Amino acid sequence: MSSIACKADFPLLSQQVHGRRIVYLDSASSSQRPQVVLDTMDDYYRTTHANVHRGIYAIAEEADRRYEGARMAVGGFIGAPDPEHEVIFTKNTTEAINLVSSSWGRCNLRAGDAVLLTDMDHHSNIVPWLTLAEERSLELRWLGIDEQYRLDLSELDHQLDGVKLVACTAMSNVLGTIPPFAQIAERAHSAGALVLADAAQLVPHLPTDVGSLGCDFLAFSAHKMLGPTGIGVLWARRALLEEMPPFLGGGGMIRDVRHDGFSANVLPWKFEAGTPPIAEAVGLGAAVGYLESTGMEAVRKHEMNLTSYALDTLSERFGENLRIFGPPDAEERGGVISFAYRDVHPHDMAQVLDQSGVCVRAGHHCTKPLMRHLGVSATARASLYLYNDESDVDALAEAMAKADTLFG
Amino acid sequence: MTGLEDLYREIILDHYRSPRNRGELPVPPAHRVEGFNPLCGDEVVLYVELDDGTLSDIRITGQGCSISQSSASLMSAAVKGKSISKVRGLIRTFKAMMSIHETCLGEDSEGASSNGASSDKAAVDLEALGELAALQGVVKFPVRIKCATLSWNALAQSLDEIGAG
Ligand SMILES: Cc1ncc(COP(=O)(O)O)c(C=O)c1O
């Protein structure tokens, strides 16, 4: 089982740290980029850059073509039925969710309405709802987690009673858990609720189709899927977007401005105020192209195999000393492996691993409610992507063993 | 792993495994203050009792990495029974030792002189720090400085709140 993407495609992965090959196991936080993404962005700046939607000259038209081309590519990647109108470029997942809470939420949620969240969600999909709940006196409800680190859906229908929106992660950035999203969405819709998928971890790692997920809103970030920082995506059903008021105001998002008011532009530009991240969109388009040419089914299969390998390797080697927070079966989870090793604090573990060139994250991973549920203040987390292979997992295991020397 | 051994000195690991002055004090007369690192979730809770210009007792609870917890423990042992002005002096000296890199990084550099690292280093009286000097290896690991200074900032805040000179 070698990596399915050539490590050599990723310039950063040939870097050395502390005199050793870098072993990058932090893609759940942010991935690395292949050469083609860097080249595409570079070429855009060298040959084409001009502002979009404004210029009547050749390079401006070409900039427009590339920017809108990226929108179509992204839409195709997630199975959007109407990408031209439904794919909104934002700054990241966080901004996409804030767009929904500010625009859709303020228009549609009133005092006493309930929003259903989960104990495994990222702060990005919690804080916007806490803010709105305070402003509008909403009731927030929470789906819990069972012993297998799955969402506890045993009370779902009861919890859905009176709920207007379910905002749920499509894959946990800490546990790796992939909830049965389509099933949750179907039951939510039967109860009259809309469904938002935080797909920041889903879209980079699994084939994604908004139709079969059954979500009404879907948010993700380019930087976790081989693309640049500074750009994310909100997809939503067109009928919803048409009814929603603008999020930010400014240039580009208007049709007309008068002394006494303005009228908003059509979709998708209604939600893209100001000069957008053009080069980043173009880079995201190239990232999507790279993932498509690898094939998302192949990416998923590779990560499932590698996750199994990692879970086996680590538990065999460290036995009782290792606690892994997440479902044991790779079918049910992504390649995010959160762990505690003996009584070594996660920060100390990350420091020890760094010395061997192994990059993992340690902390609460922006999931304080989940940390409270797990009864820990932090975890160490190794996360896998298409450029990782068994040698990376082996390097992790070797480096972890060095904690024994230090912490005795 | 020479670098790591600089960080994880035996004395640090000892204070991490067997923290001194662990626990709580009744409030009042003790004063309670929390130090929190929102980025990594480390926390210390200090209970400080003053008596006639002396820091007569100190207890600590909280949780976090070996650096934040050992620094708190080492600090408690160093300041207990000392006069307030001695304690203030220790805080300054410790922060100066830690600010060598903080200054370079443009972060909070309280107590560091404006013309930079080397002069601070020269100014740090490692002898006055005693066992605390074991923590000087932390400055080579800039992201961990906040761990080491967590309890010291909390102690300074506590003295400020009590209004102790
Ligand atoms: C599940 C999940 N949601 C949201 C986010 C936030 O993404 P961003 O920081 O790109 O807005 C992340 C990334 O850390 C994530 O893993």
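Size estimate for the range A:237-309 follows the Kirkwood approach: the inverse of mean 1/r over distinct Cα pairs works out to 15.5 Å. With θ taken as phi - 60° and the Karplus curve 6.51 cos²θ - 1.76 cosθ + 1.60 applied, the whole-hertz 3J(HN,Hα) list for the range B:130-137 is x, 4, 4, 4, 4, 7, 5, x Hz, x standing for glycine and proline. With the cut-off at 1.5 for a/c, could you classify the range A:48-293 from its C-alpha gyration tensor as rounded, prolate or oblate? Cα axes put the range A:48-293 in the oblate bin. The modelled label-to-label distance for the pair B:S85/A:N305, using points 7 Å beyond Cα in the direction of Cβ, is 7.3 nm. Separation between the A:E243 and A:Y57 pseudo-spin-labels, each 7 Å from Cα along Cα→Cβ, expressed in nm? Those two pseudo-labels are separated by 4.4 nm.
Scattering from the range A:142-229 was approximated by placing one identical point on each alpha carbon and applying the Debye formula without solvent; log10 I(q)/I(0) at 0.11, 0.15, 0.20, 0.21 1/Å stands at -0.30, -0.55, -0.93, -1.01.
Projecting the Cα atoms of A:A188, A:H53, A:L175 onto the charge dipole of the range A:48-293 (Cβ charges, centred on the Cα centre) puts A:H53 farthest toward the positive pole.
Using the structure shown, select from A:K224/B:K146; A:K7/A:K301; A:K91/A:K224; A:K224/B:K140; B:K80/B:K146; B:K95/B:K140 the pairs with a Cα to Cα distance greater than 21 angstrom.
Values: A:K224/B:K146 28 Å; A:K7/A:K301 18 Å; A:K91/A:K224 13 Å; A:K224/B:K140 30 Å; B:K80/B:K146 23 Å; B:K95/B:K140 15 Å.
With Cα atoms farther than 21 Å apart: A:K224/B:K146; A:K224/B:K140; B:K80/B:K146.
The portion of the accessible surface of the range A:289-390 made up by carbon and sulfur, rounded to a whole percent, is 45 (1.4 Å probe; DNA, RNA and ligands excluded). Over all Cα atoms in the range A:274-408, the spread is summed up by Rg and Dmax: 17.0, 56 Å. Derived value for the protein assembly as shown: Kirkwood hydrodynamic radius 26.1 Å. Basis is the mean of 1/r over every pair of different alpha-carbon atoms. Projected label points at A:T275 and A:D209, each 7 Å from Cα along the beta carbon direction, are separated by 4.0 nanometres. For the pair the range A:4-61 / the range A:112-189, the C-alpha centres are spaced 34 Å from each other. If you take the alpha carbon atoms of the range A:17-88 and fit the smallest convex hull around them, that volume is 141 Å³ per residue.
Residues with beta-carbon under 10 Å from that of A:G335, excluding A:G335: net charge, scoring Lys, Arg +1 and Asp, Glu -1?
Working: positive: A:R300, A:R333; negative: A:E303.
My count for the surroundings of A:G335 gives +1.
Within the straight-line cut-off of under 15 Å between alpha carbons, the aspartates and glutamates reachable from B:K82 are B:E49, B:D51, B:D52, B:D57, sequence neighbours fewer than 8 places apart in one chain being disregarded. Its Cα gyration tensor gives the range A:63-172 an equivalent ellipsoid. The semi-axes, each the square root of 5 times an eigenvalue, are 29, 18, 12 Å from largest down. So what is the relative contact order for chain A, in percent, with contacts set as C-alpha pairs under 8 Å and at least six apart? RCO, chain A: 23 percent. Interface of A with B. Using a 1.4 Å probe and counting protein heavy atoms only, the two chains hide about 1500 Å² of accessible surface, both sides summed. Over all other residues within a Cβ to Cβ distance under 15 Å of B:P28, the charged ones net out to -3, with Lys and Arg as +1 and Asp and Glu as -1. Rounded to the nearest 10 degrees, the inclination of helix A:35-47 to the longest alpha-carbon principal axis of chain A is 30 degrees. Once you sort the root eigenvalues of the Cα gyration tensor of the range A:157-295 as a ≥ b ≥ c, which label holds: rounded (a/c under 1.5), prolate (a/b larger than b/c) or oblate (the other case)? Cα axes put the range A:157-295 in the oblate bin. Using θ = phi - 60° in the Karplus curve 6.51 cos²θ - 1.76 cosθ + 1.60, the 3J(HN,Hα) couplings for the range B:11-20 round to 5, 5, 5, 5, 5, 5, 6, 10, x, 7 Hz; x is entered for Gly and Pro. Please compute the Kirkwood hydrodynamic radius of the range A:107-174 from all pairs of different C-alpha atoms, in Å with one decimal. It is 12.4 Å.
The values are calculated or read from the model by the stated rules, or taken from the named source; none is laboratory data. None of these values were measured; they are calculated from a predicted model. Positions of Cβ are backbone-derived with ideal geometry, glycine not excepted, and every protein chain shown enters the neighbour counts. These area figures cover heavy atoms from the full protein model, side chains too; ligands, DNA and RNA do not enter into them. Shrake-Rupley method; radii C 1.70, N 1.55, O 1.52, S 1.80 Å.
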